[in-house]
1. In debye, nearest 20, what is the charge dipole magnitude of segment 198-277 about its Cα centre with +1 on Lys and Arg Cβ and -1 on Asp and Glu Cβ, if you could check?
2. Run the simple label-point estimate for A60 and D225 please: 7 Å along Cα→C-beta, distance reported in nm.
3. Within segment 213-231, which residues have the backbone N less than 17 Å from the label spot 7 Å out from N87 along Cα→beta-carbon, could you tell me?
4. With a cut-off of 8 Å between alpha carbons and a minimum separation of six or more residues, what is the relative contact order of segment 198-277 in percent?
5. Quick one: of K183/K252; K99/K207; K202/K247; K183/K247; K78/K252, which pairs are farther than 24 Å apart, Cα to Cα?
6. Per residue, what accessible area does segment 198-277 have, given a 1.4 Å probe and all protein chains present, in Å²?
7. Projected onto the charge dipole of segment 198-277 (+1 at Lys/Arg Cβ, -1 at Asp/Glu Cβ, origin at the Cα centre), which of Y208, G232, A275 gives the Cα projection farthest towards the positive end?
8. Which percent of the accessible area of segment 198-277 is formed by carbon and sulfur heavy atoms (probe 1.4 angstrom)?
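The values are calculated or read from the model by the stated rules, or taken from the named source; none is laboratory data. Fair warning: this is a prediction, and the values are worked out from it, not measured in the lab. All Cβ positions, glycine included, derive from the backbone under ideal geometry; neighbour counts span all protein chains shown. Calculation scope for accessible area: heavy atoms of the full protein, side chains included, ligands and nucleic acids excluded. Shrake-Rupley method; radii C 1.70, N 1.55, O 1.52, S 1.80 Å.
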Amino acid sequence: MRSRIVGLLALVSLSFSLVALGCASSQPTGTNDGGCGGDACGGDACGGETGGDKLEERFAKNWDVAKTLKGDPEAGRKFFYEKTYGNLMTCASCHSMEKGDTMTADAGDHQRAAISVYGARWRTNIKNTGSHNATLGGDVCVPYWMGGPEEGAEPQDLANLDAFLKASSGDKDHATAVNIDWKARSYTIPETLTGGDPERGKKMALKYCGTCHEVDGVAPLVDVDERDLHGGGIPADRLGRIAARIKDSGQKNNEYMPGFSDQRMPEKDLLDLLAWFEKK
Ligand code: HEC
Ligand code: HEC
């Protein structure tokens, strides 16, 4: 499993670069939480024509068919919130889709591990590029995160998702649609991991982890059937392992759990969260 994932990592980076290439030239290419941040993909390997060709080979077939189909936005909505493949994650496990979303924060109570689709980087020019970029991004996430087939989602599912994304996010000038500075993204593990506020940390656990994990008996938003999280019980010298899981951009410490960038989880939030985990 691990080698399949690492193999996909390079592809995923290439594909997200292509997502950016499909946008206006002012759109940045670069790293993202899902791919290029990891050590499997460094520098030039993350972009360029070759990557695009490979991506075309891999996903174009389904998208070419999808373009000829009529998409049903309601079925696309269902796909976004409910469709699962090899594990229990849905698109909504990692992306929110609410009008109040900004590039760095979700409008709801949960802060997802990936950027909200509503604030995705293609939004400012979605009318010019079409939402196939979003669909393509989602298609990459299907094999990479959701345990789906390597060729991605079925054509009809892509057409439905496309219709849903167009219907829900088709405005050209969404107030929060500012392009992300992808290159500025970072994943920092502070040198000192102790000293946070455990009470605030519990709130942070609900906010950041409660999408996928049960937190002190509070049921997750989507149940990915992973370990329940509880406050206390972790000796201070093991906090580093948890920090590494949370701040992992390249699946070195987790196969399916995406890392939180510093831009999505500031240091104070991480330290308070770790204080909640720490055995006193
Ligand atoms: C396990 C988490 C996870 C799941 C599940 C997931 N994604 Fe993603 N997705 C990510 C991560 C991480 C990125 C990288 C972008 C970032 O830095 O946040 C990403 C990137 C994207 C992008 C590109 C955004 C941009 O601006 O470049 C789109 C679009 C997208 N995903 C849509 C989807 C759709 C649609 C689904 C469901 C079919 C889905 N994703 C499922 C984690 C996930
Ligand atoms: C998008 C869903 C998702 C989110 C959000 C998420 N996790 Fe996870 N987590 C998973 C999955 C799936 C696994 C299974 C292991 C893997 O990824 O390989 C996991 C595994 C773990 C493990 C390892 C469990 C073990 O037995 O080894 C820890 C610890 C953990 N998560 C903590 C957290 C914390 C803390 C947060 C919040 C900062 C968080 N997770 C947010 C999905 C998520």
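1. Details: 12 positive and 14 negative charges, 55 e Å.
Here segment 198-277 has a charge dipole of around 260 debye.
2. Inter-label distance under the simple model: 3.7 nm.
3. Within reach of a label on N87: 213-215, 220-229.
4. Values: 103 pairs, mean separation 30.6, N = 80.
With pairs under 8 Å counted, the relative contact order is 38 percent.
5. Details: K183/K252 20 Å; K99/K207 19 Å; K202/K247 18 Å; K183/K247 16 Å; K78/K252 32 Å.
Among K183/K252; K99/K207; K202/K247; K183/K247; K78/K252, the Cα-Cα distance tops 24 Å for K78/K252.
6. Working: 3600 Å² over 80 residues.
Roughly 45 Å² per residue, with all protein chains present.
7. A275
8. Details: 1810 of 3600 Å².
Reported share for carbon and sulfur atoms: 50 percent.
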